[in-house]
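To keep things clear, I will list the structure first and then write my remarks on it.
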Amino acid sequence: MNPLLKALTLKSPGDMARLGVILALFGLILFGALRYENFLSQYNILSFLRYNSMFALIALGMAFVIMTGGIDLSVGGTAAMASVVAALLSPYHWAAGLFGGIAAGLAVGALNGFTVTVMRIQPFIATLATMLAAYGTGLLLAGNQSVSVSYDSGFTAIGQDDFLGFPIPAWIALLVYVAGWLVLERLPVGRHVLAIGDGEATAALMGLKVRRTLAAVYIGSGALAGLAGVILASQFGAGQPTEGVGWELFAIASVVVGGTLLTGGSGSVGATLAGALLLAMVFNILNFENGLGWISLSAYWQSVIRGGFLLIVVVLQARLMSRRTGEERV
Amino acid sequence: MLLSMQGICKSFNGIPALRAASLEVGEAEVMALVGQNGAGKSTLIKILTGAYRRDEGAVAFAGEDVSFSMPAESQARGIATIYQEINLAPQRSVAENIYLSREPRRFGLIDRSAMRERAAAVLRTFNLEIDVDQPVAGFSAATRQMVAIARAVTQKARLVIMDEPTSSLDEREVAILFDTIRTLKRGGVSVVFIGHRLDELYRICDKVTIMRDGKTVATAAMADMPKLALVRHMLGKELAAFEAIAKDADEGERRPVRLSVENAGAGVRVRNVSLTVREGEISGLAGLLGSGRTETANLIFGADRLQRGEIRFDGEVRSYRQPADAIADGIGLVAEDRKVDGIIPDMSIRENMTLALLPKLARAGIVDRARQDEIVARYVTALGIKCTSPDQPIKELSGGNQQKVLLGRWLCTDPKLLIVDEPTRGIDIGAKSEILRLLRRLADEGLGVLMISSELEELLAAADRVTVLSDGTSVAVLPRRELSEAALFAAMAHQVE
């Protein structure tokens with residue numbers, strides 16, 4: 001077979017779902033561009049990317065966790081706590097804020113990795129516990145209010161400035177996604193993540209270092225949540241201990257819409273980005289729709305619409321899977 | 001000597017699984033490892049690969065004492081295992097499965113084209129030309145096995161352990177596998193071949209090690225071990241002889257036929273089985289492990305679909321789509337593994353016994369306790385279940401009494417035919433004969449009983465007729481008067497050519 005043709009051949013039902021999300025994203029962009037005057041304006045595009053980069057980062061960490069068959073509920077709490085840590089450290093140096101926030105997230109991830117791999121606690125429970133603990137720690141550190149960042153150390157540039165005409169958070173997200181793609185597709189550890197999601201016991205029997213890989217995945221997710229927290233603090237000028245509620249669900253939704261199976265063993269970095277952008281785009285389009293003045297949908301309605309959207313995608317995926325694999329669902 | 005395991009002991013929760021087992025494999029040798037279910041083969045292999053730790057004993061591999069604490073260590077030393085449920089990552093590609101954890105790299109990144117080419121090259125040595133980019137899930141069991149073997153070969157394995165590698169292969173695929181084993185052997189690799197189909201062992205293995213009850217009972221060159229002797233070593237002899245409780249020979253033949261199975265088949269496990277169960281008789285079903293006994297029971301019970309042949313119940317052709325249909329006709333099945341398929345450990349005797357009956361016992365949707373009590377009390381007495389009260393959790397009972405509760409569960413439904421799969425497994429010897437007497441009494445009351453058993457003494461004592469299965473085919477029907485240990489051994493050692 002022609003190598004190009006072969007590369008384009010869809011190998012699994014997962015590929016179909018992932019192609020679907022990319023098509024849906026382009027469809028939505030086209031819809032927005034045709035319907036709203038300023039949809040493709042520089043302002044809208046740049047602020048869209050600036051604001052949604054942190055969600056994309058969290059979704060990527062979540063994607064790796066879900067590919068192993070696990071889940072990380074702690075990302076929202078971790079991001080909130082990391083934003084406080086970053087804000088508290090920002091007066092010393094912008095780098096102190098940046099790396100301090102990441103380190104805070106990394107610590108939560110390390111704790112998750114430890115409880116999941118060494119203590120053998122279900123990821124759902126382990127990360128639920130750290131989610132609560134992270135929120136609590138953030139509130140304690142912040143004294144139950146938002147913490148202003150320093151405007152003198154250059155910390156705010158991370159979230160607010162541009163580089164080569166492109167928001168810095170978007171650059172960060174882009175770099176991290178390229179790295180994530182390399183790790184998943186071209187580094188052994190990425191393939192091991194997928195093999196572990198395919199079957200943990202089997203992976204162990206094949207001699208893969210299951211614990212170490214799993215721990216790395218949770219640490220990565222924690223660190224990315226920490227990075228998202230840094231961007232949050234920098235962008236809004238304050239550490240926000242009460243932000244982040246529901247972020248984990250948004251991240252899970254992005255990953256699922258991106259065609260990664262919750263059962264693990266399958267997934268793609270590119271489609272995860274598409275999934276995160278797609279869900280964010282729904283939000284963006286609703287804003288424009290409100291702006292037209294025909295309808296006025298509150299933020300609550302937007303949640304309902306996003307939820308319905310997610311449900312449709314998941315049902316379509318399930319149908320696609322059962323048709324492609326010919327398996328009966330139980 | 002490549003591998004030497006001596007005096008290996010291993011207990012789980014105080015229950016010994018291995019009692020001084022041994023295994024020796026020479027260079028470039030194919031060693032058969034055989035034994036009944038529970039003989040300790042898998043435990044021995046898991047100790048070798050490092051999945052379990054041994055309690056006692058010594059293991060030497062390639063001249064060095066070894067003690068692996070996880071499979072990765074034994075793999076690194078050249079011991080590869082091809083498990084029955086082939087251990088590959090199903091959604092990953094063939095090439096990846098061969099090289100997972102040893103990916104060829106360039107500049108730190110996986111060199112995918114090198115990986116692809118090498119994988120294809122290895123598979124070609126086994127005459128396998130497939131697209132190595134496809135996920136392994138899409139390939140047949142035989143191909144997946146070949147991929148697992150290719151993985152072993154690229155790991156420079158010196159010893160490859162194959163756990164029932166032919167169980168899901170057809171005849172042609174078995175031939176390909178055996179060619180592969182010969183290729184391995186020519187390359188100086190040794191193989192431990194765990195299997196049950198005797199003719200296959202004689203075709204491919206050089207030597208045989210036989211295990212029973214956690215011990216190694218015999219080791220010999222394949223050529224020096226006639227089939228009959230091999231079967232005898234595997235099954236051994238229980239010391240206790242049961243009292244004969246079977247019917248007089250001729251009386252049974254005049255009773256009406258309750259169940260008749262003719263040339264039944266499904267998949268590769270049940271090829272061609274014929275048997276009959278008459279009213280009021282215990283019909284035995286014998287055969288070595290993997291001969292298709294349990295699968296035949298599942299066919300009769302509607303748990304698997306019949307693909308060929310015919311099943312008649314009380315003279316009428318039946319084709320059950322699900323167990324509920326068979327149950328509605330009056331067929332019950334007491335499954336082989338109580339723990340998995342039978343009891344709900346934390347529930348009481350009462351609940352365990354009447355679980356299936358609850359809808360019938362209900363009045364206006366609420367369970368009628370009085371009737372439930374009455375039924376349970378009746379069967380507790382009738383079956384002689386030893387317990388403090390019907391409310392005692394079933395897990396506190398002995399194995400024999402648990403089995404009686406399960407029998408009681410089916411008897412409540414007033415069945416016409418009861419299939420019992422290894423009814424006395426894991427039960428002490430006194431309780432065994434009690435269960436057998438109970439089955440006899442039930443048969444005397446008109447029930448037809450189909451008894452699957454690996455214990456010959458049990459069949460000799462209780463069965464009115466025994467159908468012998470070998471490789472999914474009924475190879476002999478021995479009526480009571482022709483039933484003897486020698487006859488059973490001979491029939492079981494028989495292999496279909």
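In the structure shown, the pairs A:LYS209/B:LYS156; B:LYS10/B:LYS386; B:LYS46/B:LYS215 are assessed against 21 Å; a Cα-Cα span above that value is assigned to B:LYS10/B:LYS386. Each peptide in B:161-168, B:113-120, B:101-108 gets a packing score, the mean of other Cβ atoms within 10 Å over its residues, and the list from highest to lowest is B:161-168, B:113-120, B:101-108. Ordered from largest to smallest accessible area (heavy atoms of protein chains, 1.4 Å probe), the residues B:ASP314, A:ASP15 come out as B:ASP314, A:ASP15. Output the residues of region A:194-220 meeting this criterion: accessible area (heavy atoms, 1.4 Å probe) in the chain alone minus accessible area with all protein chains in place is 50 Å² or greater. When all protein chains are present, A:ASP198, A:LEU205, A:MET206 each give up 50 Å² or more of accessible surface. Entry comment: accessible area of chain B is 42 Å² per residue, from protein heavy atoms only and a probe of 1.4 Å.
The slack between B:ARG369 and B:ALA487, meaning 0.36 nm per residue of separation minus the straight C-alpha distance, is 37.4 nm. Give, as a single signed number, the net charge of other residues whose beta carbon lies under 10 Å from the beta carbon of B:ALA286, with Lys and Arg counted +1 and Asp and Glu -1. Result for the neighbourhood of B:ALA286: -1. Neighbouring Cβ atoms from other chains, within 10 Å of the Cβ of residues in B:325-333, number 0 on average.
Can you put B:VAL468, A:VAL178 in order of accessible area, largest first, using a 1.4 Å probe? Before the final figure, lay out each step's value.
Working: B:VAL468 0, A:VAL178 80 Å².
Heavy-atom accessible area, descending, gives A:VAL178, B:VAL468.
Once both axes come from the Cα atoms, what is the angle between helix B:399-412 and the longest principal axis of chain B, in degrees from 0 to 90, rounded to 10? On a 0 to 90 degree scale, this one is about 60.
Please compute the Cα-Cα pair-distance distribution of region A:92-143 with 10 Å bins starting at 0, giving whole percents from short to long. Calculated over all Cα pairs of region A:92-143, the distribution is 24, 44, 26, 7 percent. Protection proxy ranking of A:266-274, A:38-46, by the mean of other Cβ atoms within 10 Å over each peptide's residues and highest first, is A:266-274, A:38-46. Would you mind classifying region A:37-142 by shape? Square roots of the alpha carbon gyration tensor eigenvalues, ordered a ≥ b ≥ c; an a/c under 1.5 is rounded, otherwise it is prolate if a/b is larger than b/c and oblate if not. It is oblate, given that a/c is not under 1.5 and a/b is not larger than b/c. About the centre of its Cα atoms, region B:3-235 shows a dipole size close to 260 debye [charges on the beta carbon of Lys, Arg (+1) and Asp, Glu (-1) only; nearest 20 debye]. For chain A, the solvent-accessible area with a 1.4 angstrom probe is 46 square angstrom per residue. Here the accessible area is traced with a 1.4 Å probe on the protein chains. For the protein assembly as shown, carbon and sulfur cover 57 percent of it. Here the contact order of region B:72-147, divided by its residue count and restricted to Cα pairs under 8 Å and six or more residues apart, works out to 38 percent. Taking every residue in B:108-119 and counting other chain Cβ atoms within 10 Å of its Cβ, the average works out to 2. For region B:43-76, heavy-atom accessible area (probe 1.4 Å) falls by no less than 20 Å² from the chain alone to the full protein assembly at B:PRO71, B:ALA72, B:GLN75.
Separation of region B:434-497 from region A:10-60 is 69 Å, based on Cα centroids. Take B:TRP410: with every protein chain present and a 1.4 Å probe, its accessible area is about 40 Å².
Taking all protein chains together and a probe of 1.4 Å, list B:MET70, A:MET62 from the most accessible to the least accessible.
B:MET70, A:MET62
Long hydrophobic helices in chain A: the complete DSSP H runs spanning 30 Å or more by Cα along their own axis with mean Kyte-Doolittle hydropathy of at least 0.0 are A:13-35, A:42-67, A:94-117, A:210-236, A:269-292, A:299-325.
Buried between A and B is an accessible area of approximately 2100 Å², summed over both sides with a 1.4 Å probe.
Sequence-distant contacts, meaning Cα pairs under 8 Å at least 6 residues apart, place the relative contact order of chain A at 32 percent. Entry note, chain B: relative contact order of 15 percent, from Cα contacts under 8 Å with a spacing of 6+ residues. Give the distance, in whole Å, between the Cα centre of region A:151-221 and the Cα centre of region B:1-24. Centre-to-centre (Cα) distance: 45 Å. Distances between placed amide hydrogens fall under 5 Å for A:VAL149 paired with A:ALA238, A:GLY239, all partners being 5 or more residues away or on another chain.
Packing around the peptides B:291-299, A:101-109, B:396-404, B:225-233, taken as the average count of other Cβ atoms within 10 Å per residue, puts them in this order, highest first: A:101-109, B:291-299, B:396-404, B:225-233.
For the residues of B:89-95, the average number of beta carbons from a partner chain within 10 Å of their own beta carbon is 6. In order along region B:299-314, the phi-based Karplus estimate (6.51 cos²θ - 1.76 cosθ + 1.60, θ = phi - 60°) of 3J(HN,Hα) comes to 5, 4, 7, x, 6, 10, 8, 6, 9, 9, x, 8, 10, 10, 10, 6 Hz; Gly and Pro are listed as x.
The values are calculated or read from the model by the stated rules, or taken from the named source; none is laboratory data. Worth saying up front: this structure is predicted, and the values here are computed from it rather than measured. All Cβ positions, even for glycine, are placed from backbone atoms using ideal geometry, and neighbour counts span all protein chains on display. Protein only, heavy atoms only, side chains kept; ligands, DNA and RNA dropped before computing areas. Shrake-Rupley method; radii C 1.70, N 1.55, O 1.52, S 1.80 Å.
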